[in-house]
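The values are calculated or read from the model by the stated rules, or taken from the named source; none is laboratory data. Keep in mind that what you see is a predicted model, and the values were worked out from it rather than measured. Cβ placement follows ideal geometry from the backbone for every residue including glycine, while neighbour counts extend to all protein chains displayed.
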There are 2 protein chains.
Amino acid sequence: MAKRFDVAVVGGGIIGLAVAWRARQAGLSVTLLERQGTGEATSRVAAGMLAPVAEVEFGESGRRVLDLGLRSAALWRSFAAELEEASGIEVGLRRSGTLVVARDADEARELERQIAFRDSLDLSTERLLPSAARELEPALAPTLRLALQAPDDHSVDPRLVLAALRRACELHGVVVREHAPVAGVEYDGERVTGVRLEDGDSVLAGQVVLAAGAWTSDLGLPPGASIPVRPVKGQILRLRDPAGPGLLNGVVRFHGGYLVPRGDGRYVLGATMEERGQDLHPTAGGVYELLRDAHELVPGIEELQIEELSVGLRPSTPDNAPVIGPGALDGLVWATGHHRNGILLAPLTAELVARELTGAVAVS
Amino acid sequence: MAKRFDVAVVGGGIIGLAVAWRARQAGLSVTLLERQGTGEATSRVAAGMLAPVAEVEFGESGRRVLDLGLRSAALWRSFAAELEEASGIEVGLRRSGTLVVARDADEARELERQIAFRDSLDLSTERLLPSAARELEPALAPTLRLALQAPDDHSVDPRLVLAALRRACELHGVVVREHAPVAGVEYDGERVTGVRLEDGDSVLAGQVVLAAGAWTSDLGLPPGASIPVRPVKGQILRLRDPAGPGLLNGVVRFHGGYLVPRGDGRYVLGATMEERGQDLHPTAGGVYELLRDAHELVPGIEELQIEELSVGLRPSTPDNAPVIGPGALDGLVWATGHHRNGILLAPLTAELVARELTGAVAVS
C-alpha cells in the first residue's frame, strides 16, 4: 500500500518549494513532484527583483498585484532570515533600491505619468533629475532625461533562494521527487485523491497544490477545473564584470529591460516579453535589443563578460494576476500564474497556501 | 624503453591533425599531443571560410598570404574528397561564393578601392550594384550600397573537418594523445629529440612539428629558436533559423564581420578582432556589435536562435603571415601563425610540412 501524503505539491520552482516548506512547517506530510530538477526552469532564470512599486501597472488587476506585492515585499526580510537560518545558505537579499530611468523626451513624458500614478497610490518614490540620478549611479549615460527612485524595491538572488528552499525542504522532511512529471490529478468524483505521474505511478494525497507555472496547462484537469495559464517568454543575460563590483549599485530599470547587480560584479540583464508558447531558445533579435538598450543607458557594460544566455517562461493568466487559493475541485489548491512576480510573491503565496491547506485539514 | 616516433606533432587543431594525417600517409610513425581535446580550441570556433580573394590584404605579407591562400583553396576540393573517403565523414564543403557588401557611402568608397586592388591582382571578382546583389541574396537590407562578388571563395564546416581528420588519423595509426600538454621541446645540443610533457613524461621523436597555434608561446623553447605568436581574440555566434535554410545562400562579408550559411538553416556570425591575450570570454560589447552590424545588413537574422557564443584565439605573427617550415633547431618544424586563415591553409600546410618531414628523413 502506497504511502498517502497530506499534500502533494506539483511543481518545484520557487512557489512550489516555498509552499512545500511552509506546509511541512505547519505539520503536514508533504511530497513535491517536479518534472525536471527543482528550480531548473523559470525560477532559476528570474532576475530576482522585489519591485512592487517599480512594476505597478494601471488597472484593476494591477492594483490587486500591487497589494499582493507590497504585502509580500514586507515579508521578504524575515522570510530570507528564516530561510537562511533553516538552510544555512545565504540568499543574497540586497537592499539597494531601484531606479527607473527615461532616456529621451518620449520616455520622460511617460515616466512623469508613472510618477504621478505612483503618487496617486501614495507609494514611496522620488522624482530625480538626471544629475541626482547620476550621482546615485555614475555609470548612467549623460543622455539620461529623468529618473524615478523606488527606495524600497530591492532584489534577491533566485538561485540562492532555490538552493536554500530545496535544502530547507529536505531538512524538514518534504519528500522531493525530481524528474517526476505529473500527467494529471486524480479525482474520485468528490475530491482529489492525489496525482498520476507520466510513468504510470500514482501518488496519494489529501490535497494537491498546483504550482506548475508555465506547464500548468500540460496537467490533465477535468474541464471546468482548469485555469488558462500561458507562457510569456523572457530572454535574459547574465554578465560579469572582470573588474569586480561597482559599475552599478542598485537595480536600474528602463523601457524594455533592467539591470540587476548581484553585488559581486555580476549583473542580470533582462528581459524580453514574448508570446511564443513554450519556446526556450534565445534569439538574435532578443539578445540584440537587450544589449542595445542596456549599452545605450550604461555604456560601461561593453566590457562585461557574458556568462549565460537563458530563457524563462513566465506563467501568465489572462489578467496577469496570480491564482492563489482553492480550485474548483475539493482538495485542489492553486498557486500559479505569478507572471513577472514569482520571486517577489513567493513568501506571501506560501503563507496563504499553507493557511488554506491547514484550514482545510482542520475541517476534513 | 619508450617508443620513439618519427614525428611528434604538438597541437591537435586543424593544422596539427592535417599534418599528422599527411605525415602518416607518407609512411612516418606519428604521435600527436594536444593540451585539451583535439579541435576543441580555435579550430572548432572558426567559421570555415575559404576566402583568399575576399580576405586579401594590402602589402607584401598580404601578397604572400594571398599566394598561399590561392594554392590551398585550389587543394580544398580534392583534400575534402580524400578526407571524406578516408574517414567516412562528410565535411560540409559548400561552393557558394562570397559577397562583400558596403552599407553606406564610406564603405562603398572603400569597397571600390578593394575592387580596384583585386583587379590589379587579376583576381576573379565582380562588382555588383545593389539590385544585382539583392537578386543573389534577397535577405540583404535595401540600404545596401555596393557589393563585390568573389565567386570562388567558398566555405567548409570546421567541426566536420576536425571530426574527419581525427577519424582519419586514428584509422591510419597516428597515436593521438589528448589532455597531454607539452611543457617544452627536448634538445640534445645538436637536434631535437622529442618533447617533455607537463606531467613529466617524455616523448621521443626524430622530428617535432609545432602546431600549437595561440599557445605556441607557452612552449619552452631555447632563446632564438622561438617565434612570436600572439593570440587575437575572436568572438563568434552560431545561429539557427527555425524556419530552415534559405535566408542566405552564400557567405556575406561586411565591415567588421561575416555571416556564413551552413546550408541547413545554421549560420555562423563572426567575428571580433581583439588583442586581449588568452581571454576566452564573450563580452557584451563584442556580441552587441556583431548582432548590430548583422542585423542592419540582414534584418531577418532577428528571428534566428542563438545556439552558441564562443571565442577563438587566432595565432598571429607580427606580420600576420603563417610560419611553415624548418625552425632554428634541427628537427624542429613550424606550422603555426595562421591568423585568420587556419582552415583555408590546412591542406597546403599539411602538404608542405609532410614534404619537409619526409625530405629530412631521407637525408638523416
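Can you tell me which residue in region B:337-347 is farthest from B:Val9 (Cα to Cα), limited to those that are assigned to a helix (DSSP H, G or I) and not small (Gly, Ala, Ser)?
B:Arg340
For region B:291-309, give me each residue that is more than 9 Å from chain A (Cβ to nearest Cβ) and buried (at least 17 other Cβ atoms within 10 Å of the Cβ).
Of everything in region B:291-309, those that are more than 9 Å from chain A (Cβ to nearest Cβ) and buried (at least 17 other Cβ atoms within 10 Å of the Cβ) turn out to be B:Asp293, B:Leu297, B:Val298, B:Gly300.
Does region A:185-195 contain any residue that is among the hydrophobic types (A, V, I, L, M, F, W, C), at negative phi and touching a helix residue (DSSP H, G or I) at 6+ places or on another chain (Cβ under 8 Å)?
no
Could you tell me whether region A:232-248 includes any residue that is over 29 Å from A:Leu93 (Cα atoms) and among the basic types (Lys, Arg)?
No, there is no match, as no residue in region A:232-248 is over 29 Å from A:Leu93 (Cα atoms) and among the basic types (Lys, Arg).
Just need a number here: residues in region A:114-126 that are more than 16 Å from A:Thr98 (Cα to Cα), in a helix (DSSP H, G or I) and within 26 Å of the chain's Cα centre (by Cα).
2
(1) more than 27 Å from the chain's Cα centre (by Cα); (2) buried (at least 18 other Cβ atoms within 10 Å of the Cβ): which one isn't true of A:Trp215, the others all being true?
All conditions are met except number (1).
Answer with yes or no whether B:Val287 is in contact with an Asp or Glu (Cβ under 9 Å, 6 or more places away or on another chain) and within 12 Å of chain A (Cβ to nearest Cβ).
No.
Among the helices (runs of 4 or more DSSP H) contained in region A:1-78, which hold 2 or more residues that are closer than 22 Å to A:Ser217 by Cβ and of a type outside the set (A, V, I, L, M, F, W, C)?
Those helices (runs of 4 or more DSSP H) span A:42-45.
Would you confirm whether or not region A:346-363 contains a residue that is of a type outside the set (Ser, Thr, Tyr), crowded, with 24+ Cβ neighbours inside 10 Å and touching a Pro at 6+ places or on another chain (Cβ under 8 Å)?
Within region A:346-363 (the criterion being of a type outside the set (Ser, Thr, Tyr), crowded, with 24+ Cβ neighbours inside 10 Å and touching a Pro at 6+ places or on another chain (Cβ under 8 Å)), the answer is no, since none of the residues qualifies.
Filtering region A:255-274 down to residues that are at pLDDT below 95 and under 22 Å from A:His339 (Cα atoms), which residue is nearest to the other protein chains (Cβ to nearest Cβ)?
Per the criteria, the residue is A:Gly256.
Restricting attention to region A:245-257, does a residue exist that is closer than 17 Å to B:Ala284 by Cα and aromatic (Phe, Trp, Tyr)?
No, every residue in region A:245-257 fails to be closer than 17 Å to B:Ala284 by Cα and aromatic (Phe, Trp, Tyr).
How many of the residues making up region B:218-243 are of a type outside the set (Val, Ile, Thr), buried (at least 16 other Cβ atoms within 10 Å of the Cβ) and within 14 Å of chain A (Cβ to nearest Cβ)?
Of the residues in region B:218-243, 7 are of a type outside the set (Val, Ile, Thr), buried (at least 16 other Cβ atoms within 10 Å of the Cβ) and within 14 Å of chain A (Cβ to nearest Cβ).
Taking region A:127-137 on its own, how many of its residues are assigned to a loop (DSSP other than H, G, I, E, B) and closer than 15 Å to A:Ser96 by Cβ?
1
Scan (1) out of contact with any strand residue (DSSP E or B) (no Cβ under 9 Å at 6 or more places or on another chain); (2) within 14 Å of chain A (Cβ to nearest Cβ); (3) touching a residue at least 60 places away in the same chain (Cβ under 8 Å) for the single condition B:Gln278 breaks and write down its number.
Condition not satisfied by B:Gln278: (1).
Which residue out of A:Val161, A:Val176, A:Val91 is among the hydrophobic types (A, V, I, L, M, F, W, C) and in a strand (DSSP E or B)?
Values: A:Val161 fails: in a strand (DSSP E or B); A:Val91 fails: in a strand (DSSP E or B).
Within the list A:Val161, A:Val176, A:Val91, the selection yields A:Val176.
Given region A:219-266, what strands (runs of 3 or more DSSP E) lie entirely inside it while holding 3 or more residues that are touching a Lys or Arg at 6+ places or on another chain (Cβ under 8 Å)?
A:230-240
Mind telling me which of the residues B:Gly194, B:Gly189, B:Gly184 ends up being over 30 Å from B:Pro52 (Cα atoms), of a type in the set (Gly, Ala, Ser) and assigned to a loop (DSSP other than H, G, I, E, B)? So that I can check it myself, show each step before the final result.
Working: B:Gly194 fails: assigned to a loop (DSSP other than H, G, I, E, B); B:Gly184 fails: assigned to a loop (DSSP other than H, G, I, E, B).
Result: B:Gly189 is the single residue among B:Gly194, B:Gly189, B:Gly184 that is over 30 Å from B:Pro52 (Cα atoms), of a type in the set (Gly, Ala, Ser) and assigned to a loop (DSSP other than H, G, I, E, B).
Residue check: is B:Ser61 more than 15 Å from the chain's Cα centre (by Cα) and in contact (Cβ under 8 Å) with a residue 60 or more places away in the chain? Break it down stepwise before answering.
Values: more than 15 Å from the chain's Cα centre (by Cα): yes; in contact (Cβ under 8 Å) with a residue 60 or more places away in the chain: yes.
The answer is yes for B:Ser61.
Table: residues versus (1) touching a Gly at 6+ places or on another chain (Cβ under 6 Å); (2) of a type outside the set (D, E, K, R); (3) within 29 Å of A:Gly270 (Cα to Cα).
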{"site": "A:Pro151", "(1), (2), (3)": "yes, yes, yes"}
{"site": "A:Ser155", "(1), (2), (3)": "yes, yes, yes"}
{"site": "A:Pro158", "(1), (2), (3)": "yes, yes, yes"}
{"site": "A:Ala163", "(1), (2), (3)": "no, yes, yes"}
{"site": "A:Pro181", "(1), (2), (3)": "no, yes, yes"}
{"site": "A:Asp201", "(1), (2), (3)": "no, no, no"}
{"site": "A:Val209", "(1), (2), (3)": "no, yes, no"}
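Looking at region A:291-321 only, could you name the residues that are out of contact with any strand residue (DSSP E or B) (no Cβ under 7 Å at 6 or more places or on another chain) and either in contact (Cβ under 8 Å) with a residue 24 or more places away in the chain or under 26 Å from A:Arg355 (Cβ atoms) (or both)?
Selection gives A:Leu291, A:Glu296, A:Pro299, A:Gly300, A:Pro318, A:Asp319, A:Asn320, A:Ala321.
Hey, could you check region A:121-136 for residues that are at pLDDT 95 or above and among the small types (Gly, Ala, Ser) and say which is surrounded by the most Cβ atoms within 10 Å (Cβ to Cβ)?
Ranking the qualifying residues of region A:121-136, first place goes to A:Ala133.
Among the candidates B:Val30, B:Val65, which residue alone is buried (at least 23 other Cβ atoms within 10 Å of the Cβ) and under 30 Å from B:His255 (Cβ atoms)?
Exactly one of B:Val30, B:Val65 is buried (at least 23 other Cβ atoms within 10 Å of the Cβ) and under 30 Å from B:His255 (Cβ atoms), namely B:Val65.
Within region A:267-281, count every residue that is buried (at least 23 other Cβ atoms within 10 Å of the Cβ) and assigned to a loop (DSSP other than H, G, I, E, B).
1
If I filter region A:100-121 for residues that are touching a Gly at 6+ places or on another chain (Cβ under 7 Å) and either within 17 Å of A:Tyr258 (Cα to Cα) or not β-branched (Val, Ile, Thr) (or both), do I get at least one hit?
No.
Which residue pairs have Cβ atoms under 8 Å apart, sit 6 or more places apart or on different chains, and have a first residue in region B:183-205 that is over 19 Å from B:Ser226 (Cβ atoms) and a second that is in a loop (DSSP other than H, G, I, E, B) and among the basic types (Lys, Arg)?
B:Leu204/B:Lys3
Looking at A:Ala147, A:Ala163, A:Ala183 in this structure, which one is buried (at least 23 other Cβ atoms within 10 Å of the Cβ) and small (Gly, Ala, Ser)?
Result: A:Ala147 is the single residue among A:Ala147, A:Ala163, A:Ala183 that is buried (at least 23 other Cβ atoms within 10 Å of the Cβ) and small (Gly, Ala, Ser).
Out of curiosity, is A:Gly325 in contact (Cβ under 8 Å) with a residue 24 or more places away in the chain, on the phi > 0 side of the Ramachandran plot, within 14 Å of chain B (Cβ to nearest Cβ) and more than 17 Å from the chain's Cα centre (by Cα)?
Numbers: in contact (Cβ under 8 Å) with a residue 24 or more places away in the chain: yes; on the phi > 0 side of the Ramachandran plot: yes; within 14 Å of chain B (Cβ to nearest Cβ): no; more than 17 Å from the chain's Cα centre (by Cα): yes.
So A:Gly325 fails the test.
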